[in-house]
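Enquirer: The structure is given below, and queries will be raised subsequently.
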Amino acid sequence: MGNLQKSEPSLGFVIPVYSSVITLLIIVMTCVELCDAVTVVDVYRLVQYDVGGMPFGSRLAALNHHAGSAVLSSGAADLSRTVLILPVRELNLTFIRESIGWRKPLGGLLLLLPLDFSPQDTENIGEADHSSAKQLVKEVLVELEQLLIHANIPYPVYFGFEDDDVNSVLADVKRNDATGQLATATTGGYKLVVAAPEPKKIASPTISNTQGWLPGLKADGGSNQLPTIAIVASYDTFGAAPALSVGSDSSGSGVVAVLEIARLFSILYSNPKTRGRYNLLFGMTSGGPYNYNGTQKWLHSLDQRFRETIDYAVCLNSIGSSSNELWMHVSKPPENAYIKQIFEGFSNVAEELGLKVGLKHKKINISNPRVAWEHEQFSRLRVTALTVSELSVAPELLESTGGLSDKRQFVDEASISRSVKLVAESLARHIYGLEGKTIDIFADNSSLAVNPSYIRSWLDLLSATPRVAPFLSKNDPLIMALKKELTDHTVEVNVQQEVLDGIFTFYDSTSSRLHIYQVASVTFDLLLLLGLGSYLIVLFSFLVITTRGLDDLISLFRRPPSRKMKTA
Amino acid sequence: MTLFHFFNCAILTFGPHAVYYSATPLSEYDTLGTSIKAAVVYLITALVKLVCLATFLNVSETDSFDPYQELLKALIGFIDVAGLYFALTQLTHRNISQCHKFQAVGLGWAFADSVLHRLAPLWVGARGLEFTWDYIFQGLEANANLVLSLSLAALGSLMWLRKNKPKTLIPIIYACAGIVATMPSITSYLRQGLGWHLPKIVGFELFTSLGMAFISWQLFAACQRPSN
């Protein structure tokens, strides 16, 4: 009796203790994050877009397959449930061309870029790097990019970087593949998982054009009657990986040049004594890769009478490579007197700077929607314009638009400084009527010298900012920064927001995190189960034998027959 | 097949307890109540130890072996022994022989230890896609812990429940009990001070637990002979 009474209170507090322990366990379970992967890396997806309804790029984002390496690509194995990890340095382009061309089924593709192409790599060097290995990688990347963006790929394609974790995983995968066995659920290996939702269309992507206005010295009439010179560059990029398209040369160099020229002329124009009799219009347009759509919309938004006062427009395309040769592209025939005059002015200054400027003429075809150079949008509205660029041949659609290979290390800031001086000097001599005279307005070591650190800091900033227009919001920090910078140098700044033309449609999900898991095969689990089962059975038999005797063990198996005998 | 792996590790960690209960005469004498009471006593002991550790121990930033802290932890570890004493002596059980009592108490103690220390990591970790050997080693550790708990319970029952012990064996009994009680401190010293890896530590634990079990079995048998 006493025993029973004493045991009740002890049972009384058992239940609350147990329940609190269980609730604690539940809380622990829900709070802990299941992030137990071998490696988690940032990866960037291949662009997905439609042109007039035709799909291009990688159409899927979610990834959940086993990893394979380049060793498997040569065999005839079924790779539809395998993700191939291919470093770009050792890439076999014919394999990629074949798998895309013949529509070979593949679980996914992970392309590894060298670490120095990473946006976090801050070892930026002043001069362009010309090592042959890097040039080779650059060429491979250019070709790879063109291949990927013009293909319709039904599986996810991601770009990553060769950091230590990924390299060790790849070495492991290569070793496993060398045995000839494909990594599947039954054999174990590495599993690559990207948990991304289905990519959605970006509805009405906006493009923002920024313009800055420096009025010239009024004569007796208003400043509206003064002629205007426009200096324009397009700031957005397009590439195979939109989250990595920083476009240092294609458009980055142009933007930096426009900002520097604006700064120099703002110093000149701040003093009425040195203000020229020309208005200056600085423009940063968007929509460059898409047939200069933004420039067209911007020009249409300008008042027609104002457009007629534009004397000529200078558009700046890539000017960052370290060659000494620049090209002036025009659409009016070179025999035109005005073009001749402008070109002569540029050539004179170029000679003094040690540069060589050539003239290239390309007729515009109004019926062809393809606009290869920015000045063609001006020419279609009968404004004289020219493009200064290092490229001698007009690029095709979505070519040379600042993609994967266009990184900071390949841009020479000294070349940008020289080009800035060329354009600024030629413009200034035209504005102040000093053509033919040997006078150095923006002389080095003067207060009007081209500032290399200004160029470098803006180039570094632009080289760290991906600028694909549909992915830039209306109030993106970069657009705000450009607006603020132009406000510092010019008198009137306007930002115009437009919607990108309907034939281009873009899809989101440009970057994700990749989880790499090391998984054991099902056979391993089954073997373990077998081992544990036999261990428990052995333990059971051992304990029965030692504590109850061998007879008891045998009687466990003989009980049913003995019962039958009893009832019988 | 990650739930599969969780299932495997769970039967490795908790299976032996169930097997022990069903294989030995414990199940025939229905000593489940005793085991549950021992488990509850273990819970309370664990809470008391936690409070003492939080109050008296200061957390060191480095992972090094600090003798003073380890001594303090060992002293707090003796609260374990006090709890076991309480479970063995103070809880009134139905009339079961001493032989079965210590087994039931040891089993309940070890089961509560496994559940408290190993169930949550197992549930959270073993279900993930990533495969590690950690949970299998944890299961082996649980097995070693079971054997150690049984030996400690046996030695404890010898010390506190058996009145007539041969004089020569008393110091050996106390010495063995001391070794088994300080086993956690020894393993933490091996892990942090000497830097042993998990497989080595688990092997050491299994070996020593089997050794101590054998010794305590011999002692128990030796103490039982005079009463026969």
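Enquirer: Neighbour counts of other C-beta atoms within 10 Å: give me A:Asp42, A:Asp551 arranged from fewest to most.
Expert: Values: A:Asp42 17, A:Asp551 11.
Going from sparsest to densest Cβ surroundings: A:Asp551, A:Asp42.
Enquirer: Within 10 Å of each Cβ in B:119-129, how many Cβ atoms from other chains are there, averaged over the peptide?
Expert: 4
Enquirer: Multiply the residue gap between A:Phe306 and A:Met54 by 0.36 nm, knock off their C-alpha separation, and tell me the result in nm, one decimal place.
Expert: On the way: separation 252, 0.36 × 252 = 90.72 nm, distance 3.89 nm.
Between A:Phe306 and A:Met54, full extension yields 86.8 nm more.
Enquirer: Restricting attention to the range B:108-174, which chymotrypsin sites (Phe, Trp or Tyr not before Pro) occupy a DSSP loop and are surrounded by at most 13 other Cβ atoms within 10 Å? Mind dumping the intermediate values first?
Expert: Values: sites: B:Trp109, B:Phe111, B:Trp123, B:Phe131, B:Trp133, B:Tyr135, B:Phe137, B:Trp160, B:Tyr174; in loops: B:Phe131, B:Trp133.
Sites meeting the loop and neighbour criteria: B:Trp133.
Enquirer: Among A:Thr387, B:Leu75, A:Met328, whose Cα projects farthest towards the positive end of the dipole of the protein assembly as shown, with charges put on the beta-carbon of Lys, Arg (+1) and Asp, Glu (-1)?
Expert: Selected residue: B:Leu75.
Enquirer: To continue, here is another question. Among the lysines, select those whose C-alpha is under 16 Å from the C-alpha of A:Lys273, and discard any that sit fewer than 8 residues away in the same chain.
Expert: Partners found: A:Lys218.
Enquirer: As a test of the formula, what do you get for chain B when each DSSP H run with n ≥ 4 contributes -39,500 (n - 2.57) and the sum is divided by the residue count, at 222 nm and rounded to the nearest 500 deg cm²/dmol?
Expert: -24500 deg cm²/dmol
Enquirer: Size of the dipole of the protein assembly as shown about the Cα centre, Lys and Arg at +1 and Asp and Glu at -1 on the beta carbon, nothing else charged, in debye to 20?
Expert: For this selection, approximately 3160 debye.
Enquirer: OK, next. So if I take the alpha carbon set of the range B:94-228, get Rg, then get Rh from the Kirkwood formula, what is the Rg over Rh ratio? If you can, show how the numbers build up before the last one.
Expert: Details: Rg = 17.1 Å, Rh = 16.3 Å.
On the Cα set of the range B:94-228, Rg over Rh gives 1.05.
Enquirer: Between A:Gln497 and A:Ile366, what length in nm is gained on full extension when 0.36 nm per residue of separation is reduced by their alpha carbon distance? Walk me through the numbers before you get to the answer.
Expert: Working: separation 131, 0.36 × 131 = 47.16 nm, distance 2.55 nm.
Gain in length upon complete extension: 44.6 nm.
Enquirer: Among the trypsin sites (Lys or Arg not before Pro) in the range A:462-529, which ones are in a DSSP loop with at most 12 other Cβ atoms within 10 Å of the Cβ? Mind listing them? Working shown, then result.
Expert: Values: sites: A:Arg467, A:Lys474, A:Lys483, A:Lys484, A:Arg513; in loops: A:Arg467, A:Lys474.
Counting only loop positions with at most 12 other Cβ atoms within 10 Å, the trypsin sites (Lys or Arg not before Pro) in the range A:462-529 are A:Lys474.
Enquirer: Under 20 Å from the Cα of A:Lys174, which lysines turn up, not counting those fewer than eight places away in the same chain?
Expert: Here the lysines satisfying the reach criterion relative to A:Lys174 are A:Lys191.
Enquirer: While we're here: Step through the table entries B:Lys101/B:Lys200; A:Lys362/A:Lys407; A:Lys104/A:Lys363; A:Lys360/A:Lys483; B:Lys49/B:Lys167; B:Lys73/B:Lys200, compare each Cα-Cα distance with 31 Å, and write down the pairs that go over it. Write down the numbers at each step before the final one.
Expert: Working: B:Lys101/B:Lys200 33 Å; A:Lys362/A:Lys407 29 Å; A:Lys104/A:Lys363 42 Å; A:Lys360/A:Lys483 33 Å; B:Lys49/B:Lys167 34 Å; B:Lys73/B:Lys200 22 Å.
Over 31 Å apart, Cα to Cα: B:Lys101/B:Lys200; A:Lys104/A:Lys363; A:Lys360/A:Lys483; B:Lys49/B:Lys167.
Enquirer: Could you tell me which trypsin sites (Lys or Arg not before Pro) in the range B:166-228 are loop residues by DSSP with no more than 15 other beta carbons within 10 angstrom of their beta carbon?
Expert: Numbers: sites: B:Lys167, B:Arg191, B:Lys200; in loops: B:Lys167.
Loop-located and lightly packed - B:Lys167.
Enquirer: Once R0 is set to 35 Å, what does the formula 1/(1 + (r/R0)^6) return for the Cβ-Cβ distance between B:Asp66 and B:Ala120, expressed as a FRET efficiency to the nearest 0.05?
Expert: Numbers: r = 27 Å, r/R0 = 0.77.
Efficiency computed from Cβ-Cβ geometry: 0.85.
Enquirer: Size of the dipole of chain B about the Cα centre, Lys and Arg at +1 and Asp and Glu at -1 on the beta carbon, nothing else charged, in debye to 20? Kindly include the intermediate steps, with their values, before the conclusion.
Expert: Working: 14 positive and 12 negative charges, 189 e Å.
Result for chain B is approximately 900 debye, rounded to the nearest 20.
Enquirer: To continue, here is another question. Measure nothing but the geometry: give the 0 to 90° angle between the long axis through the Cα atoms of A:132-149 and the longest principal axis through the Cα atoms of chain A, rounded to 10°.
Expert: The two axes meet at around 80 degrees.
Enquirer: Moving to a separate point now. If neighbour count is taken as other Cβ atoms inside 10 Å, put B:Ser97, A:Ser321 in order from fewest to most. If you can, show how the numbers build up before the last one.
Expert: Working: B:Ser97 10, A:Ser321 17.
By the 10 Å Cβ count, ascending: B:Ser97, A:Ser321.
Enquirer: Quick one: order A:Leu527, A:Leu144 by neighbouring beta-carbon count within 10 Å, fewest to most. Display every interim value, and only then the final one.
Expert: Numbers: A:Leu527 12, A:Leu144 21.
Lowest count first: A:Leu527, A:Leu144.
Enquirer: A further question follows. Choose one of A:Ile479, A:Thr546, A:Pro466: the residue whose Cα lies farthest towards the positive end of the charge dipole of the range A:457-556 (beta-carbon charges +1 Lys, Arg; -1 Asp, Glu; about the Cα centre).
Expert: A:Thr546
Enquirer: Please report the antiparallel percentage of DSSP beta bridges with both residues in the protein assembly as shown, rounded to the nearest 5. Display every interim value, and only then the final one.
Expert: Working: 43 of 83 bridges.
If we restrict to bridges inside the protein assembly as shown, about 50 percent are antiparallel.
Enquirer: Students often check this: by mean Cβ neighbours within 10 Å, which of A:433-444, A:206-217 ranks highest, and how do the rest follow? Please report the intermediate quantities before stating the final value.
Expert: Values: A:433-444: 12.7, A:206-217: 21.2.
Highest-to-lowest ranking by the protection proxy: A:206-217, A:433-444.
Enquirer: First select every other residue whose beta carbon is under 12 angstrom from the beta carbon of A:Ala171; then total the charges, Lys and Arg +1, Asp and Glu -1.
Expert: Numbers: positive: A:Lys174, A:Arg175; negative: A:Glu162, A:Asp164, A:Asp165, A:Asp172, A:Asp177.
So the surrounding residues net to -3.
Enquirer: What's the ranking of A:149-156, A:85-92 by average number of surrounding C-beta atoms within 10 Å, highest first?
Expert: Values: A:149-156: 18.9, A:85-92: 16.6.
Going by the mean number of other Cβ atoms within 10 Å, highest first, we get A:149-156, A:85-92.
Enquirer: Okay, next question. Residues in the range B:1-29, backbone N under 13 Å from the label point at A:Asn64 (7 Å along the Cα-to-beta-carbon vector): list them, ranges by number please.
Expert: Of the residues in the range B:1-29, B:1-2 have backbone N under 13 Å from the label point off A:Asn64.
Throughout, read-outs are computed from the coordinates displayed, never taken from laboratory work. Note that the structure is predicted; figures quoted are calculated from it, not measured. Every residue, glycine among them, receives a Cβ derived from its backbone with ideal geometry; neighbour counts consider all protein chains shown.
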